[in-house]
Amino acid sequence: MDSFCYHIFMRIFSSAFLSLFLFLCAAERAHAQKYMDVRQYNNTYEINVHKPGDKQESKCQAVRLNKEWFITAAHCLLPVCDSECTIKAKLANTDEYEMEMTTTHNGLSKAAYLHGKSKEDQVSYDIALIRFNPAKTSYIFKDKKNMRLIAKDDLFKKLNASQKAEFNQAIEGINFPVILSLKTQTPKLLNRALAVASVWDYNKEILSSEDYIFFSPEHNFLYTSNFGIRQGISGSGVITSSGELVAVVSAIAHTRRTLNTEGGTKIKDIDFSMFSTFDNSVLSFLKSHIPGLKVKQADFNYFAVVPDEYRALTQNMENMEL
């Protein structure tokens, strides 16, 4: 989501590659069933990060991988958590009450874990983990109507059975995703539709794309025309139409292209969405912290071959260095 993405894209997307992208996006849309049930995204949460004493918070999102561990984009934690930071996850909400959990990251109590390449390569390895260690995590319960904090036991006396179940599920976690690893040596199209949860003050909207999705094994990211990705939802999980976590939201890029038309030249603004995926390096990083992590390797059914007449252009993009 940051300004660096624009400069990166200006180096990646040659005119030839933009022509390829525009051609495919204008073709018939994919017919894969969308993964649109908002209940499937109850492991996606809004997070806020800030330095101690700083009232300004950085808003992102994170996906819960088990009770303690969340995955997000590394740039959501950089540079705020270089030394010490507070990380808050907004877990559950009713019209009158809400629940958050917070943890502190510092030299004595680590909570933010960044992939080793995240600082030098903020696109391909824009991956980080957050640990909400139960021994070092505080739960905050708020009475919104009276604008005060409330004890958990007092709160649960006021909740109905359905609300109690929702709050308990938010504490323990539910519906943990399976991570999908994309392993291929050549650029391919992902034969799935994608969806992303956009969370703002507990309100979840499901953004979906049926445009062609490109996978770059050289750079370890997915990219497609922008389908509503915007600042504030970095770190959200990118879910395939078959339900796996295939990437995290990393960046958008704005480029300008000169098109030749019958009426002359035309300037077209083009927006791209960019997602960090899980190669062996990322999987090793995740598994080193989360034993028993569920991982699935994509087979040939997940990929469509780029048409022959465009394969060389895609390969040229692969050979470019960030």
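Every read-out reported here was derived from the displayed coordinates using simple, explicitly stated rules and does not represent laboratory data. Note that the coordinates shown come from a computational prediction; the quantities given were computed from them, not determined experimentally. No Cβ is skipped: glycine too gets one built from the backbone with ideal geometry, and neighbour counts run over all protein chains shown.
For the range 280-309, the residues whose backbone nitrogen is under 17 Å from a point 7 Å from the Cα of Val178, taken along Cα to Cβ, are 292-303. For the pair the range 202-241 and the range 125-171, the centres of their Cα atoms are 28 angstrom apart.
Given the pairs Lys90/Lys164; Lys188/Lys296; Lys67/Lys117; Lys119/Lys296; Lys110/Lys152, which are separated by over 24 angstrom at their Cα positions? Don't jump to the answer; show the numbers that get you there.
Details: Lys90/Lys164 16 Å; Lys188/Lys296 18 Å; Lys67/Lys117 26 Å; Lys119/Lys296 27 Å; Lys110/Lys152 26 Å.
Beyond 24 Å between Cα atoms: Lys67/Lys117; Lys119/Lys296; Lys110/Lys152.
Structural descriptor for the range 43-172: relative contact order 23 percent, calculated from alpha carbon pairs under 8 angstrom and at least 6 residues apart. Taking amide H positions as modeled 1.01 Å from N, with prolines and chain starts lacking one, the residues under 5 Å from Leu180 and 5 or more places away or on another chain are Leu245, Val246, Lys296. Take the Cβ atoms of Glu96 and Ser208, set R0 to 35 Å, and the FRET efficiency comes out at 0.65.
Assuming 0.36 nm per residue, please report the length gained on full extension of the stretch Asn301 to Thr186 beyond their Cα-Cα distance. Provide the component values of the computation, followed by the final result.
Numbers: separation 115, 0.36 × 115 = 41.40 nm, distance 1.51 nm.
My answer for the length gained is 39.9 nm.
Once both labels are positioned 7 Å from their Cα atoms along Cα-to-Cβ, the gap between Asn160 and Lys67 label points is 2.9 nm. Among the lysines, which have Cα under 17 Å from the Cα of Lys158 when same-chain residues fewer than 8 positions away are ignored? Of all the lysines, those that pass the test against Lys158 - Cα under 17 Å, at least 8 places apart if same chain - are Lys142, Lys144, Lys145.
Each residue, Ala135 and Phe227, gets one label point 7 Å from its Cα in the Cβ direction; the gap between the two is 4.3 nm. By definition, a body whose alpha carbon gyration tensor gives a ≥ b ≥ c is oblate when a/c is 1.5 or more and a/b is not larger than b/c, and the range 150-300 fits this oblate description.
Can you tell me which of 234-242, 154-162 comes out highest on packing, and rank the rest after it, using the mean Cβ neighbours within 10 Å?
Averaged packing, sorted descending, gives the order 234-242, 154-162.
Checking the a/c ratio against 1.5 first, then a/b against b/c, what shape does the Cα gyration tensor give for the range 43-172? Note, shape of the range 43-172 comes out prolate. If the label point is 7 Å along Cα→Cβ of Ser83, which residues in the range 46-63 have backbone nitrogen under 13 Å from it? Residues passing the 13 Å test: 51-54.
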